[in-house]
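Data first, discussion second: the structure below is written as structure tokens.
The values are calculated or read from the model by the stated rules, or taken from the named source; none is laboratory data. As the structure is a computational prediction, the values presented were derived from the model and not from experiment. So basically every Cβ, Gly included, is an ideal-geometry build from the backbone, and we count neighbours across all protein chains shown. Note: accessible area is taken over every heavy atom of the protein model, side chains too, but ligands, DNA and RNA are not part of it. Shrake-Rupley method; radii C 1.70, N 1.55, O 1.52, S 1.80 Å.
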Amino acid sequence: MRLQMSKLTFLEKLDLSFTPLSSLKFVNNRRFSMLYLNISFTFLNTVHWYDKDISIDVIDLRNTKLNYDLKTSKLLQKVSAGAAVYGDSYKLCCDKFKGPGIRTHSCKAPKDAISSCENLLGHVVKHILIWMVAMVGLTGNAVVIGYRLFYEKHLLKQGYRMFVTHLGLSDFIMSVYLMIIAGADVYYRDDYVLYEDSSLCKAAGFLATLSAETSTLFVLMITIDRYLIFKDSLNQTKMTPKILTAVVSLIWAIGTVISTIPVVFPDWQIYSSNAMCLGLPVNVTHPLGWMFSLLLYIGINFIIIVLIVLGQIVIFKHITMPRSSLVSSSVLKRREITVANNLSFVVISKILCWFPIGVIGLMSASGHVFSPDVYGWLAVVVLPLNSAVNPILYILPAAYKAFNNLGKTRPEMS
């Protein structure tokens with residue numbers, strides 16, 4: 001529905017809320033004033049002000065289809081609002097959108113947890129951290145992948161080796177995602193509020209979700225593989241190459257499908273609800289598709305983490321229980337303990353990553369409101385940091401040990 005208002009000088013109240021309004025035009029060459037304009041909960045995507053001077057005491061723009069981008073940057077430039085302007089996006093209160101007639105304290109919109117009106121990453125510490133995490137993740141996981149593909153290529157038919165390699169690839173994807181965000185922060189510096197790219201954001205959100213889910217599933221499969229090996233230490237081939245290939249393919253397929261779902265539903269705002277393009281269900285607002293994020297990140301991931309922890313407990317029980325002298329006195333048991341310890345570090349890092357996300361997500365779902373900074377630091381540090389920590393805690397020490405032994409002996413099972 002389109003509405004055109006013309007030849008008006010004064011209108012006390014105009015309430016168009018909860019209507020199918022999509023476009024609103026004010027056509028009048030004289031000064032126009034109004035006490036109250038409510039166009040909330042509509043399909044409004046364009047507003048045209050043709051008046052030279054417009055004075056509206058209260059404007060309500062919440063729950064509309066307005067896109068705060070370069071095309072709508074002149075939305076309130078000619079408008080004076082003496083009392084308040086209400087909106088859904090922090091961008092509404094930026095100088096690029098509001099004119100001098102709207103005072104900062106009169107503009108009522110939720111603060112963004114990460115971005116400022118000028119920059120994607122508003123805080124200078126976040127600028128530094130995201131570059132550090134991205135570079136560490138790229139370098140560490142690139143070394144891991146290269147080491148596994150070239151130095152241990154002949155061992156990739158073993159389940160543990162294959163899963164660790166794909167874990168490195170999964171974490172490498174998270175680092176690529178971080179580089180996209182960091183690059184966008186630099187490219188749109190000082191003008192980010194006008195040039196937010198929803199397509200790029202969806203692509204970045206897809207990569208982040210793909211990495212987060214596949215990484216967790218690969219840690220689960222490493223745990224299962226280690227349990228099967230420790231149960232019978234003399235048998236190191238519990239899964240055939242065909243089964244391994246099928247499992248790895250299935251994990252990537254599951255991750256791809258899950259990551260694509262928020263993209264194929266155009267009304268869902270899971271990825272575009274924040275500057276980091278993450279679908280974590282701990283945001284201040286609950287965008288469309290929020291329940292999907294809650295089910296995925298809090299429900300499914302919680303179950304996977306519990307399974308990983310239980311598997312780790314069972315593994316340590318198998319290691320510490322009395323064994324035959326053939327095994328207990330051999331180098332094999334020392335390898336088992338080394339691998340189990342390394343795996344425990346990965347499990348601990350996963351728990352430290354997902355536990356705060358799970359707790360905050362559940363509390364948010366029950367109605368508790370957190371400071372936007374809580375979401376900001378979770379998005380910038382906690383989740384991405386896990387992908388950079390994995391190779392440091394687990395994979396790189398094994399690679400370092402093998403490189404030291406290069407030319408002396410063949411790489412040990414670890």
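Brief remarks follow.
- With a cut-off of 15 Å between beta carbons, the residues surrounding Val309 carry a summed charge of +3, where Lys and Arg count +1 and Asp and Glu -1.
- A simple spin-label model places pseudo-atoms 7 Å from Cα toward Cβ; at His123 and Val359 they are separated by 1.8 nm.
- Each Lys or Arg adds one and each Asp or Glu takes one away; over the other residues whose Cβ falls under 11 Å from the Cβ of Lys65, this sums to -2.
- For the residue pairs Lys91/Lys111; Lys78/Lys98; Lys126/Lys350; Lys65/Lys202; Lys157/Lys350; Lys242/Lys317, the alpha carbons lie more than 20 Å apart in Lys126/Lys350; Lys157/Lys350; Lys242/Lys317.
- Net length available on complete extension from Tyr36 to Phe150 is 34.1 nm, with 0.36 nm assigned per residue and the Cα-Cα distance removed.
- Here His48 sits with roughly 70 square angstrom of accessible surface, probe radius 1.4 Å.
- Applying the Karplus relation 6.51 cos²θ - 1.76 cosθ + 1.60 with θ = phi - 60° to the range 132-144 yields 3J(HN,Hα) values of 5, 5, 4, 5, 5, x, 4, 5, x, 6, 5, 5, 4 Hz, where x marks Gly and Pro.
- 5 Å-binned pair-distance histogram of the range 73-137 (Cα, whole percent): 4, 18, 22, 18, 12, 9, 8, 6, 3, 1
- Estimated FRET transfer efficiency (Leu228, Ala142; beta-carbon r; R0 35 Å; 0.05): 0.75
- Under-5 Å amide H pairs with Leu288, H placed in peptide plane, nonlocal only: Gln269
- Each residue of the range 14-24 is assigned a 3J(HN,Hα), and the resulting list reads 9, 10, 10, 5, 6, 10, x, 4, 10, 8, 9 Hz, derived from the Karplus form 6.51 cos²θ - 1.76 cosθ + 1.60 (θ = phi - 60°), x at Gly and Pro.
- Column: log10 I(q)/I(0), Debye, Cα scatterers of the range 125-194, q = 0.28 Å⁻¹: -1.13
- With a cut-off of 13 Å between beta carbons, the residues surrounding Pro262 carry a summed charge of -1, where Lys and Arg count +1 and Asp and Glu -1.
- Here the spin labels are modelled as points 7 Å beyond Cα on the Cα-Cβ line, and at Val381 and Asp95 they lie 3.0 nm apart.
- Computed from the C-beta positions of Ser22 and Val263, the FRET efficiency with R₀ = 25 Å rounds to 0.55.
- Remark: the Phe345-Val186 segment gains 53.8 nm on full extension, using 0.36 nm per residue and subtracting the alpha carbon distance.
- Taking amide H as placed 1.01 Å from N in the peptide plane, the amide H of Ser80 sits under 5 Å from that of Ile54, Ser55, Ile56, each at least 5 places away or on another chain.
- For the range 74-224, the convex hull spanned by the alpha carbon atoms encloses 122 Å³ per residue.
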